Amino acid sequence: MASKNSIDQTVCTDKNCPIHGSLSTRGSVKKGLVRSKKLASMAVVEIPILSKVKKYERSAKRRSRIHVHVPSCLNVKEGDDVEISECKKISKTKSFVVTKVL
Ligand SMILES: [Zn+2]
């Protein structure tokens, strides 16, 4: 498994890779935590949101879960902090791509 990852890092054939492929990123850049990594090219990233509740004059913690594309050259595991960036729609639910593992 470790040797396979090192091969992936040297040769990246993913066309939806922001570094090696033709995918350009634009729009919002967010930081979040990888909550689920069950498929090879997809992850679920949780983004914390601090929203103000006007009625009680306090802030409430909310969270948003986003489906993101994982390029084959990045080794992303569950529990990792990642930086994600908006891109064109890759599939029905994916319009974000992982750009960095923090
Ligand atoms: Zn790549």
Just want to confirm a number: the relative contact order over the chain, from Cα pairs under 8 angstrom separated by 6+ residues, in percent. 29 percent
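Taking neighbour Cβ counts within 10 Å as the exposure measure, how do Val11, Val82, Val76 sort from fewest upward?
Val11, Val76, Val82
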Net charge, Val44 excluded, C-beta distance under 10 Å - Lys, Arg +1, Asp, Glu -1: +2
Inter-label distance, nm, simple model (7 Å from Cα along the C-beta direction), Ala60/Lys77: 3.6 nm
Tell me which cysteines of the chain come out unpaired when the rule is another cysteine's Cβ under 4.7 Å. Cys17, Cys87
For labels at Leu102 and Val29 in the simple 7 Å Cα→Cβ model, what's the distance in nm? 1.2 nm
A chain fully extended from Ser22 to Lys89 at 0.36 nm per residue, minus the present Cα-Cα distance, gains in nm 22.8 nm
List the residues, sorted by chain then number, that are 5 or more residues from Cys17 or on another chain and whose placed amide H is less than 5 Å from its amide H. Ser22, Leu23
Mean projected area (nm²) of the alpha-carbon convex hull when the chain is viewed from all directions: 7.5 nm²
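Read-outs throughout are calculated quantities, based only on the coordinates presented, and are distinct from any laboratory measurement. None of these values were measured; they are calculated from a predicted model. Positions of Cβ are backbone-derived with ideal geometry, glycine not excepted, and every protein chain shown enters the neighbour counts.
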